[in-house]
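Have a look at the structure below, then the notes.
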Amino acid sequence: MLVHPQPNPVAFSIGPVDIHWYGIMYVVAFALFILLGRVRIKTQAHVQAQGWTNTDLDDMLFYGMLGVVIGGRLGEVLFYRPDYYFSHPAEIFMTWHGGMSYHGGFLGVLIAMALWARKRGRNLLDVYDFIAPMVPIGYACGRLGNFINAELPGRLADPNLPWAMLWPGVEGLRHPSPLYQMLVDGILVFVIMWLFARKPRPRLAVGALYTLLYGCARFFTEYFRVPDWETHVMGLPITSGQVLSLPMIVAGLIMLGWAYSGSNKRAVHA
């Protein structure tokens, strides 16, 4: 049995300003995006052939940050807790307390990248392929922030499970679900994506694989997390995260099929 360490969510203070671990995790995520992007540009010839530069990467990050923060927060408000936030509108802006929807952030980044691609005259599919391998590790950072904040408690766990955890404010031993999602949805998906993207692939294949892998990984890890809400389809329970992940799985399969079809003439991309 483990006990949640309950670290102070405030890492340090500068005068009256508290710096939260949750916010630091987002800074780490954006820094890793820049670092990994530079590695791709420097070491992968097919990325270089597409003309990607460090300047592109830096410029893209600004748009991506806006997409993640705005989309992630709006997703949390609209997908998961609309009644609460509409009753407490001031808390919509309190992102340091946690509460960011990955699916909302995903949509926000897609919109932000579409705007960036239009500004720079880039094909959006190439942009998606370029950024997809760097995204999962940033997601892992966010889930670590959730764990530090003692958010997203897991479902009841078998007491004999060595890593079953006493979770603050929740009765019984629990699965440490943020750590599951950090390891599976984040780190495992990152490793697969990074290895896949090292070689030239058809246009959209990299982005499609990420969409599919994340959807499948999130659908699986949702079984260990206390859902924000749950419904039943044909008698089977399905959580809010699984409902939002199903379209990603379907879209990923369709996009992969198109990427490897004869109608996709371009064989090499970033």
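The values are calculated or read from the model by the stated rules, or taken from the named source; none is laboratory data. Everything quoted here is computed from the prediction, not taken from an experiment. A quick note on method: Cβ atoms are made from the backbone with ideal geometry, for glycine too, and the neighbour counts reach across all protein chains shown. Areas reflect the complete protein model, heavy atoms only, side chains present, ligands, DNA and RNA absent. Shrake-Rupley method; radii C 1.70, N 1.55, O 1.52, S 1.80 Å.
Summary of values
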{"item": "Accessible area of Asp58 in the full protein assembly, 1.4 Å probe (Å², nearest 10)", "result": "70 Å²"}
{"item": "Accessible area of Phe196 in the full protein assembly, 1.4 Å probe (Å², nearest 10)", "result": "40 Å²"}
{"item": "Charged-residue dipole, Cβ positions (Lys, Arg, Asp, Glu), the chain about Cα centre, Debye nearest 20", "result": "1240 debye"}
{"item": "Proximal charge balance of Ile238 [Cβ under 11 Å; K/R count +1, D/E count -1]", "result": "-2"}
{"item": "Ranked order, Cys141, Cys216 - accessible area, probe 1.4 Å, largest first", "result": "Cys216, Cys141"}
{"item": "Whole-number percent relative contact order across the chain, with pairs defined as alpha carbons under 8 Å at least 6 apart", "result": "21 percent"}
{"item": "DSSP H segments from the chain that extend 27 Å or more along their own axis, Cα-based, with Kyte-Doolittle mean of -0.5 or above", "result": "21-43, 54-75, 240-259"}
{"item": "In sequence order, calculated HN-Hα J values of the stretch 229-239 (Karplus, 6.51, -1.76, 1.60; Hz; x Gly/Pro)", "result": "7, 9, 10, 10, 10, 6, x, 9, x, 9, 8"}
{"item": "Prolate/oblate/rounded label for the stretch 153-270 (Cα gyration tensor, a/c 1.5)", "result": "oblate"}
{"item": "Accessible area, probe 1.4 Å, largest first, for residues Asp83, Asp158, Asp126", "result": "Asp83, Asp158, Asp126"}
{"item": "Residue-level accessible surface for Lys119, protein heavy atoms, 1.4 Å, Å²", "result": "110 Å²"}
{"item": "FRET efficiency, 1/(1 + (r/R0)^6) with R0 35 Å, evaluated for Tyr84 and Arg118 via beta carbons", "result": "0.45"}
{"item": "Residue-averaged 222 nm ellipticity for the chain, from DSSP H runs of 4+ at -39500 (n - 2.57), nearest 500", "result": "-17500 deg cm²/dmol"}
{"item": "Highest-MSF residue in the chain out of Trp229, Trp167, Trp116 [GNM, Cα springs under 10 Å]", "result": "Trp229"}
{"item": "18 Å reach of a label modelled at Ala11, 7 Å along Cα-to-Cβ, counting backbone N of the stretch 135-149", "result": "137-149"}
{"item": "Per principal axis, descending, Cα span of the chain in whole Å", "result": "56, 54, 38"}
{"item": "Whole-number D in µm²/s for the stretch 59-188 (Stokes-Einstein; Kirkwood sum over Cα pairs; 20 °C, 1.002 mPa s)", "result": "132 µm²/s"}
{"item": "Antiparallel %, DSSP beta bridges [both residues in the chain], to 5", "result": "85 percent"}
